[in-house]
Amino acid sequence: MNGAARRPFYLTLTILGLVMYLWGFQGQRRLAAFPASFDREGLAYPVAFEGIQAGSPEAVRFLAEGWSPGQVIQIVDADGTRHQVRLVRAHGLPYLLVTCFNGLFFWAVCTFIFAPRVHRPAVTSFFWLSFLYGLSVMIGGIYFQRGLTIPAVLLGPLQLICLAALPVLSILIASVGLAAGTIAQEPPGPPKELDKFSRLLGSWSGSGTAKESPGGAATPWSGKIRTENVLGGHFVREDSRIEVGMPAVCQKIYRLV
């Protein structure tokens, strides 16, 4: 799928994802718990929680999550004592507002930052990392589902999938970053301006005569020049050797880079 086709796909996915976010958040909003005044630790265990046996305070807390806030439940402990308790909301309004803001923040990052740029390297992994993390925040955890209805039952496995995918996506992002860093550290090629020296490359030789003064004797000379690219083509080096006289009484050697 090319970049032009991927953007509408991911934008559509974020719209559907918003429905999933709100659906997951409903589970936290309707989550029940015992009131602070009820001492679960003081029960004689095992207890019967609405006919379901529970062997610890944590098991009782977990079972309470399957009922709705405001419902009255009955607990019979090991010595036969009956307790009737009206359940309350597990989370207060400040907690719910902060959780909702955090989850929708990641949804907004996916929708407005990553989804329009999924054609770029590693952005797809960033999209899924943010999308799944935000969804896990909105779901909030794994809760007891008393009714076992299909939508509610899916919340727990979906939370596990989100959390399991996060480290995998993090490794993918890290690998792409390392690969990009390796490419960025490769040395750049020779500048194109050096192509102007290409006509000078090669070996050259010449000879002639020179006079120190208009009426002086002619002195023979000869010279050789070799011009070549060096250091990976980033520089041009010229080696010159000039001999004056026959036989040579003076030699001059130059190297220019």
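The values are calculated or read from the model by the stated rules, or taken from the named source; none is laboratory data. Since this is a predicted model, take the numbers as computed values, not measurements. Glycine also receives a Cβ, built like all others from the backbone with ideal geometry; neighbour counts cover every protein chain displayed.
Only one residue in 101, 112, 144 is loosely packed, with under 13 Cβ neighbours inside 10 Å and closer than 15 Å to residue 29 by Cα. Which one? Break it down into steps so the answer makes sense when it comes.
On the way: 112 fails: closer than 15 Å to residue 29 by Cα; 144 fails: loosely packed, with under 13 Cβ neighbours inside 10 Å.
Result: 101 is the single residue among 101, 112, 144 that is loosely packed, with under 13 Cβ neighbours inside 10 Å and closer than 15 Å to residue 29 by Cα.
Which residue is modelled with the highest pLDDT, if the candidates are limited to region 147-191 and must be loosely packed, with under 11 Cβ neighbours inside 10 Å and hydroxyl-bearing (Ser, Thr, Tyr)? Result: 149. Among all residues of region 65-74, there is at least one that is crowded, with 16+ Cβ neighbours inside 10 Å, closer than 30 Å to residue 14 by Cα and either touching a Ser or Thr at 6+ places or on another chain (Cβ under 7 Å) or charged (D, E, K, R) (or both). Condition first: in the same structural domain as residue 65 (by TED's automatic domain parsing), among the hydroxyl-bearing types (Ser, Thr, Tyr) and in a helix (DSSP H, G or I). Can you find one or more residues in region 141-161 that meet it? For region 141-161, residues in the same structural domain as residue 65 (by TED's automatic domain parsing), among the hydroxyl-bearing types (Ser, Thr, Tyr) and in a helix (DSSP H, G or I): absent. Would you check if there is a residue in region 111-124 being in a helix (DSSP H, G or I) and within 19 Å of residue 160 (Cα to Cα)? Scanning region 111-124 turns up no residue that is in a helix (DSSP H, G or I) and within 19 Å of residue 160 (Cα to Cα). Here residue 111 does not qualify as within 18 Å of the chain's Cα centre (by Cα), within 24 Å of residue 12 (Cβ to Cβ) and modelled with pLDDT under 90. All of 16, 93, 31 fail the test of being assigned by TED's automatic domain parsing to the domain that holds residue 145, surrounded by 17 or more Cβ atoms within 10 Å (Cβ to Cβ) and not basic (Lys, Arg), apart from 31. Residue 44 meets all of the listed conditions (1) out of contact with any Pro (no Cβ under 6 Å at 6 or more places or on another chain); (2) assigned to a helix (DSSP H, G or I); (3) surrounded by fewer than 12 Cβ atoms within 10 Å (Cβ to Cβ) but one, namely (2). Within region 207-229, the set of residues being among the aliphatic types (A, V, I, L, M) and assigned to a loop (DSSP other than H, G, I, E, B) comprises 217 only.
Do we find a residue being touching a Cys at 6+ places or on another chain (Cβ under 9 Å), under 30 Å from residue 43 (Cβ atoms) and surrounded by 20 or more Cβ atoms within 10 Å (Cβ to Cβ) anywhere in region 120-139? Yes: one or more hits.
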